[in-house]
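The values are calculated or read from the model by the stated rules, or taken from the named source; none is laboratory data. Nothing here was measured: the structure is a model prediction, and the numbers come from that model. Methodologically, a virtual Cβ is constructed for each residue, glycine included, from the backbone with ideal geometry; neighbour enumeration extends over all protein chains shown. Accessible surface is based on the protein model in full, side chains and every heavy atom, while ligands, DNA and RNA are left aside. Shrake-Rupley method; radii C 1.70, N 1.55, O 1.52, S 1.80 Å.
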Amino acid sequence: VIVLRTSWMSREIVAFGGFAMLAIAYAASLFVLPGAVDGLAAARDVLGWIVAALGVVGVACSVMIYHATRKAWWTASISGFKFFMTEVLLGLAATALILATAGLPGPVLPALPALVIAASAIKAAGELAVLFHLRDKRYTELRRSALVLVRDLRGVTVARFAMLVIGGGVLPLTSLVGGSHDTSLGIAIASLVLLLAGELFERVLFFAAASSPGIPGAVR
């Protein structure tokens, strides 16, 4: 209990541990519990919301772990934006794939590509905002991180945004035009794969571009 009061990492472990166990229980309930029974269906819905809440809490704990390092590149505003937008973006793409696989277009599926495009645009804008620090007169932590992104990690940066543009922009836009079920399914798969790969590349940049006041010459 004392550790939970003082350690964000311990809180993260508890949150994600509970998330994993309850998520398995929720997934199993979809196959075991009959949906026609109102009481059981309501209990399952409550369990689903608990799983979602624990996921959000776990991500928030992850954000605070990096914020506690006091690195400018890992502040709660920057880390939180990236982590939660990853959750939103991949969640939308995965939902689009599930619905396309099940062949249930309904009223939701046509809107999902537009939501994926919007989420991708927001995430791209947020990640690119650090490049404004290239104009900083002082050699700040964020300027150093920006320089690393466009110099040492230029190839990774280009690959990251190429995947985001194609997986989160071009492919969802193509699916809005319409087509057969097989075409929509293929686009949904490709989109999710590219977005997932892009987020992994973004995490590489998240760690590799981190600067610290303790590094000689990092802050002048």
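Looking only at helices (runs of 4 or more DSSP H) that lie completely in region 77-177, which have at least 1 residues being open to solvent by less than 30 Å² (accessible area, probe 1.4 Å) and within 22 Å of S211 (Cβ to Cβ)? Steps first, please.
Values: elements: 112-128, 141-150, 154-165, 171-177.
The qualifying helices (runs of 4 or more DSSP H) are 112-128, 141-150, 154-165.
Where residues in region 50-76 are touching a Leu at 6+ places or on another chain (Cβ under 9 Å) and open to solvent by less than 40 Å² (accessible area, probe 1.4 Å), which of them is nearest to K123 (Cα to Cα)? Give the derivation first.
Quick first cut of region 50-76, residues touching a Leu at 6+ places or on another chain (Cβ under 9 Å) only: 50-51, 54, 72-73.
Among the residues that remain, those that are also open to solvent by less than 40 Å² (accessible area, probe 1.4 Å) are: 51, 72-73.
Numbers: V51: 24, A72: 19, W73: 16 Å.
Per the criteria, the residue is W73.
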Filtered residue count, region 139-180, keeping only those that are at pLDDT below 95 and of a type in the set (F, W, Y): 1
Picking from V46, V3, V14, which residue would you name as being in contact with a Gly (Cβ under 9 Å, 6 or more places away or on another chain), free of Cβ contacts under 8 Å to residues at least 12 places away in the same chain and farther than 21 Å from E127 by Cβ? V14
Candidate set: region 201-220, residues that are exposed (fewer than 12 other Cβ atoms within 10 Å of the Cβ) and either out of contact with any helix residue (DSSP H, G or I) (no Cβ under 7 Å at 6 or more places or on another chain) or of a type in the set (K, R) (or both); chosen: the one modelled with the highest pLDDT: F207
